[in-house]
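Data block below; observations after.
No value in this document is a laboratory result; all are computed from the given coordinates. The structure displayed is predicted, hence computed values, not measured ones.
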Amino acid sequence: MTLIDANALADWADKETFSYSIEYVQKYSRVVKIELVCNDSNVDKLVNVISTYGETGRSGDGWIFVSPIEQAVRIKTGAVNDFNNL
C-alpha cells in the first residue's frame, strides 16, 4: 500500500474546504491517494473496508478504481511478478 499526499483541482476540490492557488490558478483541496495491490480474492473485502472507513459524508470522498495488474517488476533485482515478496 502507498499513501500519496496530493491536491484535487477545480471541480474535484472539496466545495467546503477548498483554497485558491496562484500556483494552480484555480481552487484546490488537499487529498490523499491510496494505491493498493492485492490478490483478486481480496478485492471485494478491501473495497468494502476503504468505502466504509474512507467515507466522510463530504463531497470529494473520492473514487475507488479496480484494475488488473498485468506485470510487476522489482527495480532492485529485475524480478518479474514476484508477488510473494512485494
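See the values below:
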quantity	calculated
Shape of segment 24-73, Cα gyration tensor, a/c cut at 1.5	oblate
Amide proton proximity set for Val31, modelled H, under 5 Å, gap of 5+	Ala6, Asn7, Ala8
